[in-house]
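The values are calculated or read from the model by the stated rules, or taken from the named source; none is laboratory data. Keep in mind that what you see is a predicted model, and the values were worked out from it rather than measured. Methodologically, a virtual Cβ is constructed for each residue, glycine included, from the backbone with ideal geometry; neighbour enumeration extends over all protein chains shown.
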Amino acid sequence: MPYTLEHKKGKGYKIHLKDDPQHVFSKKYQPKSRAIAQMQAIEISKRRRRISNSVSGGGIGDIFRKVKNTVNSIISVPTTLANKLMPEKTQYTNATEGMLRNYGNFEIISLTVEKEPVDSKVMYLANTLSAFELQAIMQKTGIDRFYHLSMVAEILTSTNQTIKLRIEKNENITIDFYKRRPNTQSINIDLKQKKITIRDLLEKTRLSIGNDHYFKYRWDSWNCADFILQVLQANGLLVPADRDFIWQNADIIKKNMSSASANRMHLLTKLGSYVSHLKGGEIKFI
C-alpha cells in the first residue's frame with residue numbers, strides 16, 4: 001500500500017506516502033473516515049489520469065474494458081484499509097437506542113410491511129460501483145427492479161395516543177416516525193392476537209439469528225427483505241403469502257457478479273454504517 005496513516009492521540013490521522021513521511025496530503029489531523037475518503041479520492045484521481053492517457057486509439061469495447069479494470073483496481077486500497085479501521089458494529093446506533101427507550105415497550109396494535117422501488121439515484125450508484133455489471137445481470141435474469149422494504153408498527157402509548165413508527169434495515173437497523181413514501185405497496189401482518197412490543201419483536205429476532213446476522217448488512221443476503229422475513233419468522237407471524245410479497249432473490253445477482261464489484265457495493269454500506277455510528281444517526285441506503 002503506498003500510504004501510511006500517521007495517528008496522533010487526541011487529534012486524529014494524517015496520510016503520507018509510505019516511504020516519504022514528509023509528503024503529507026493534509027496539513028491538519030482528521031478522523032479515520034475522512035482519511036479513508038481522502039485516500040480513495042487520491043486513488044480515483046490517479047486511475048482517471050491513467051485512463052485518460054491510455055484510451056486514445058481504441059474502440060468503445062477497449063475503453064469499457066479499461067474502465068472496468070480501473071474501477072476494479074480502485075477497491076483494493078480502501079477495502080483493505082476499511083477492514084482494519086472500520087470494524088462492523090453489532091449494536092444499535094444512539095438514535096435507534098433512543099427510539100427503543102422511548103417507544104420500545106408499548107404494545108403494537110397493528111403491523112404492516114411496505115415496499116417501494118429503490119430510488120433511481122441509488123440504483124445508478126450501485127450500477128456504477130459494479131462497473132455496469134448490475135444492469136447487465138438484471139437484463140439477463142429478467143429482473144425489472146428492486147424494492148426497499150420496511151415495517152410500520154402502530155403502538156398505543158400510556159396516554160392512549162397512537163403513534164406509527166417505521167422499522168427498517170438500511171446500513172443499520174433504524175426506527176423513525178412514520179411518513180408515507182410515494183409508490184409504496186403494503187400488506188397487513190396478522191398479529192394472531194399476540195401482545196407484543198417493538199422491543200420484544202426485535203429481541204426475539206436477534207436471539208434467533210445471532211448478532212452478526214441481525215446487525216450487519218449484506219446487500220445480497222442480510223438486507224432489508226431478509227431482515228423483515230427473519231423478524232416475522234422469529235415471532236411466529238410469517239405466512240407463505242406474506243413471504244411472496246417480501247422476498248427478493250438478490251442472491252442471483254451475487255452469483256453472476258464478479259467478487260470485485262460485489263465488494264465495492266458492500267464497502268458502500270460498510271462505510272455508511274461506520275459513519276452513522278460515529279454521528280449517532282443514520283445515513284439511508286438500500
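Restricting attention to segment 206-261, report how many residues are among the β-branched types (Val, Ile, Thr), at pLDDT 80 or above and surrounded by fewer than 19 Cβ atoms within 10 Å (Cβ to Cβ).
First pass over segment 206-261, keeping only residues among the β-branched types (Val, Ile, Thr): 209, 228, 231, 239, 246, 252-253.
When the remaining residues are screened for being at pLDDT 80 or above, the result is 209, 228, 231, 239, 246.
Narrowing the set further to residues that are surrounded by fewer than 19 Cβ atoms within 10 Å (Cβ to Cβ) leaves 209, 239.
Residues in segment 206-261 being among the β-branched types (Val, Ile, Thr), at pLDDT 80 or above and surrounded by fewer than 19 Cβ atoms within 10 Å (Cβ to Cβ): 2 in total.
Could you tell me which of the residues Leu111, Leu81 is closer than 30 Å to Thr157 by Cβ, of a type outside the set (Gly, Ala, Ser), at pLDDT 55 or above and surrounded by 17 or more Cβ atoms within 10 Å (Cβ to Cβ)? Please lay out each step first, then the result.
Details: Leu81 fails: closer than 30 Å to Thr157 by Cβ.
Testing whether each residue is closer than 30 Å to Thr157 by Cβ, of a type outside the set (Gly, Ala, Ser), at pLDDT 55 or above and surrounded by 17 or more Cβ atoms within 10 Å (Cβ to Cβ) leaves just Leu111.
Which members of segment 193-227 meet the condition of being small (Gly, Ala, Ser) and in contact with a strand residue (DSSP E or B) (Cβ under 6 Å, 6 or more places away or on another chain)? Outline the logic, then answer.
Of segment 193-227, the ones small (Gly, Ala, Ser) are 208, 210, 221, 225.
Within segment 193-227, Ala225 is the sole residue that qualifies.
What is the number of the single condition among (1) at pLDDT 90 or above; (2) crowded, with 20+ Cβ neighbours inside 10 Å that Arg180 does not meet?
(2)
Looking at (1) in contact with a strand residue (DSSP E or B) (Cβ under 6 Å, 6 or more places away or on another chain); (2) crowded, with 20+ Cβ neighbours inside 10 Å, which is the only condition Glu171 fails?
(1)
Is it the case that some residue within segment 182-193 is among the charged types (D, E, K, R) and more than 21 Å from the chain's Cα centre (by Cα)?
We begin by selecting, within segment 182-193, every residue among the charged types (D, E, K, R); these are 190, 192.
Adding the requirement that they be more than 21 Å from the chain's Cα centre (by Cα) leaves 190, 192.
So far as segment 182-193 goes, yes, one or more of its residues are among the charged types (D, E, K, R) and more than 21 Å from the chain's Cα centre (by Cα).
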